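Since the structure comes first, as structure tokens, the remarks are kept for the end.
The numbers here are math on the coordinates, done by the rules we state, and not lab data. Predicted model, so just to flag it, every value in this text is computed and none were measured. Neighbour counts are summed over all protein chains in view; Cβ atoms, including those assigned to glycine, are modelled from backbone coordinates with ideal geometry.
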Amino acid sequence: MLEKDDMIGFSSLADFLGGKTEDPERYEVEVSAVEDSVCLHIPYAVVQMRWDEPGVRDFLLQQATIRLQDIYGSFAEQIQLAHKWGESEPFIRRIQDVMNEPVIIADMEDDIQDIAEKMVKHSTSSVVVLNDSDQLIGIITEKDLVQRVVAKGLGAGTVAYEIMTPHPFIISRDAYYYEAMSSFLMNGVKHLPVMDRGRVVGMVTLSDLLRKKNRGTMELLRTVEDSTLATIHEIKPAMYDVLANLLHDGIPTVHVIEVMTKLYDRILRHVVKLAIKKIGDPPVPFVWYMMGSSGRKEQFMLTDQDHFLVYQEGGEHINAYFAQLGKELVYGLEAAGYKRCKGLMMASESQWRGTLPIWMERLRSWGLRATNDNVLLAHNFLSFRYVYGSEELHDQFVSGVKEQLEKSRIFLFRMAELEKEQPVPTFDHPIRALFRMKRESVDLKKQVLFPFHHCLQLLCARKGFVGGGNPLEQIEWLVKQMVLSEETADELRFAYEVVLRIRVERGWEAYQKDQESDSLVHFNYLRTKDKEELLLALKSIRALQNQVVAMS
């Protein structure tokens with residue numbers, strides 16, 4: 001049961017407390033060092049001498065209790081996982097177990113009449129299109145035939161490459177069930193060619209997976225699309241049922257976040273449509289952005305609202321329309337379960353909506369007056385992500401933000417300087433903690449995730465990347481820009497997943513107990529594995545912070 005950084009010697013604690021062991025040699029502990037180590041030996045006589053001191057006694061008993069809790073918790077977890085993996089299809093079932101094979105193939109020059117006959121003959125709803133080197137270049141589905149052939153009056157003489165969907169989403173044959181389901185939900189497709197070593201070996205469809213297992217996801221999607229302002233409150237419990245199933249099945253936290261964020265985005269887009277239906281079509285193009293955890297694609301439960309509007313110029317009646325739209329958006333999200341932002345960072349507030357020139361002036365003023373408050377506003381703003389509206393206006397907005405940041409290098413410098421004042425905390429090694437008797441805790445959100453996000457934002461902003469990237473996407477981009485090494489990137493990915501997992505687990509436990517959720521974690525009460533991983537995570541994020549601070 002001994003793990004790295006653990007204290008040893010508790011095997012003799014029973015003897016010390018008077019519970020004699022019949023065969024003490026049977027319980028001797030042998031330790032083999034796998035790396036250079038510094039060990040502290042506390043003689044038994046010293047422990048005896050200081051036993052009556054409350055601090056020493058409480059600490060030793062607490063450590064013994066935690067260790068026993070870890071042991072029994074580990075046993076219970078293994079038993080639970082053994083049962084779970086025997087029953088949980090997303091873990092044990094691979095795509096190769098559910099895919100259809102052999103895959104039906106078409107050549108890029110095949111006539112669509114022949115392709116349609118082939119689909120009828122094999123009772124399939126799709127074919128894959130290969131080039132002369134047998135490489136996948138596209139897919140043709142029944143929907144493609146209806147929309148791109150029948151609806152346009154095309155017929156014989158039209159060939160595959162003219163109507164196929166190029167570069168289709170794919171999946172590996174050894175991927176898990178839940179990965180395919182995630183891809184279907186996040187990408188809005190119903191067919192995934194299955195690949196093995198660069199070759200197409202099968203096809204899996206959404207219908208295939210739903211026949212195998214249906215956790216109510218499709219019912220949830222219908223609930224979202226059919227909801228009105230009077231019924232939209234019914235979505236939240238349905239969303240949480242999906243979240244509960246994902247967590248119960250032990251799906252990796254990053255994938256849980258991806259799926260839930262994609263589902264929440266459907267709510268966001270539906271709320272916009274309901275608002276527009278109520279007040280009428282917008283007079284000019286606009287874009288609606290998310291910020292905060294939603295902007296970073298980190299939502300697993302409904303969060304406070306954080307969003308803003310950008311729209312084209314056109315006069316006072318334009319401003320009046322979007323003032324009303326902002327209010328309707330806030331009202332709709334609140335009805336769905338999103339609490340109003342305490343800091344009023346919402347499109348219903350005049351400072352969080354405006355035309356493109358107004359927003360550029362707003363950013364310029366933040367840069368000129370780089371107060372702590374403006375820096376915090378900028379950090380939240382830089383997490384913005386497009387969710388609805390004109391893509392052309394979005395491109396213009398992103399270009400404008402990049403230009404303003406380029407002109408406000410001193411502002412980025414000020415943001416980096418502020419990181420010096422809020423260093424990521426570190427914890428004592430368990431043995432050193434013996435002499436300090438300090439109960440240490442960390443706020444995973446404010447003291448760890450915020451600095452992590454701020455540092456990635458700053459590194460990306462310096463290179464001109466803003467708007468829409470979640471932390472993993474930002475890390476990948478920074479590697480390509482050679483700002484981060486592959487080794488550093490791997491450490492940061494691990495750190496992010498560890499912190500996110502602990503936060504999600506704590507947040508969900510609090511919700512189930514009907515308690516107020518917070519992100520404060522007491523280090524001494526974590527499981528041994530979580531302690532070790534969190535120590536490594538904090539070290540990696542602290543190193544990232546030091547890198548950013550050094551650049552200031």
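Observations, loosely collected:
- Projected-area average for the range 120-167 over all orientations - Cα convex hull basis, square nanometres: 3.8
- Once the Cβ-Cβ distance of ASP304 and LYS143 is raised to the sixth power relative to R0 = 35 Å, the FRET efficiency obtained is 0.35.
- Note, ³J(HN,Hα) from phi for the range 97-111, Karplus 6.51, -1.76, 1.60, rounded to Hz, x at Gly and Pro: 7, 10, 6, 9, 9, x, 6, 8, 10, 10, 8, 4, 9, 5, 6
- Mean Cβ count within 10 Å, highest first, over the residues of peptides 234-240, 469-475: 469-475, 234-240
- Taking a straight line from the alpha carbon of LYS446, these aspartates and glutamates sit under 16 Å away, with near neighbours fewer than eight places off in the same chain left out: GLU298, ASP304, ASP373, GLU419, GLU421, ASP518.
- Positive dipole terminus of the range 95-212, leading residue within MET164, ALA180, VAL150 (C-beta point charges): ALA180
- Placing unit charges on the Cβ atoms only, positive for Lys and Arg and negative for Asp and Glu, gives the range 418-551 a dipole magnitude near 360 debye about its Cα centre.
- Over 22 Å (Cα to Cα) - which of LYS513/LYS539; LYS190/LYS339; LYS118/LYS143 fall in this group: LYS513/LYS539; LYS190/LYS339
- Cα pair distances of the range 233-332 binned at 5 Å [whole percent]: 2, 11, 21, 20, 16, 11, 8, 5, 3, 1, 0
- Efficiency of FRET between VAL189 and MET49 - r from beta-carbon atoms, R0 56 angstrom, step 0.05: 0.20
- Gyration tensor verdict on the range 95-212 (Cα atoms; rounded if a/c is under 1.5, prolate if a/b is larger than b/c, oblate otherwise): prolate
- Highest mean first, the peptides 283-289, 105-111, 146-152 sorted by other C-beta atoms within 10 Å per residue fall in the order 283-289, 105-111, 146-152.
- Net length gained if the chain between HIS317 and GLN351 were fully extended (0.36 nm per residue, minus Cα distance): 10.5 nm
- Anisotropy class of the range 319-430 from Cα gyration tensor, a/c 1.5 cut: oblate
- Our coupling estimate for the range 118-126, obtained by passing each phi through the Karplus curve with A = 6.51, B = -1.76, C = 1.60 and θ = phi - 60°, is 5, 5, 5, 4, 9, 6, 10, 9, 7 Hz, Gly and Pro reported as x.
- What separates the Cα centres of the range 332-397 and the range 519-549 is a distance of 31 Å.
- One chain, two ends: THR426 and GLU440. Fully extended at 0.36 nm per residue, the span grows by 4.1 nm beyond their Cα-Cα distance.
- For the range 418-551, dividing the convex hull volume of the Cα atoms by the residue count gives 130 Å³ per residue.
- In plain terms, if you count all Cα to Cα distances in the range 217-407 and split them into 10 Å steps from zero, the share in each step is 9, 35, 34, 17, 4, 0 percent.
- DSSP-loop GluC sites (Glu not before Pro) across the range 276-327, with at most 12 other Cβ within 10 angstrom: GLU313
- Per-residue Karplus couplings for the range 328-337, computed as 6.51 cos²θ - 1.76 cosθ + 1.60 with θ equal to phi - 60°, are listed in order as 5, 5, 4, 4, x, 5, 5, 5, 7, x Hz, Gly and Pro entered as x.
- Here the gap between LEU40 and ASN131, fully extended at 0.36 nm per residue and compared with their Cα-Cα distance, gives a gain of 26.1 nm.
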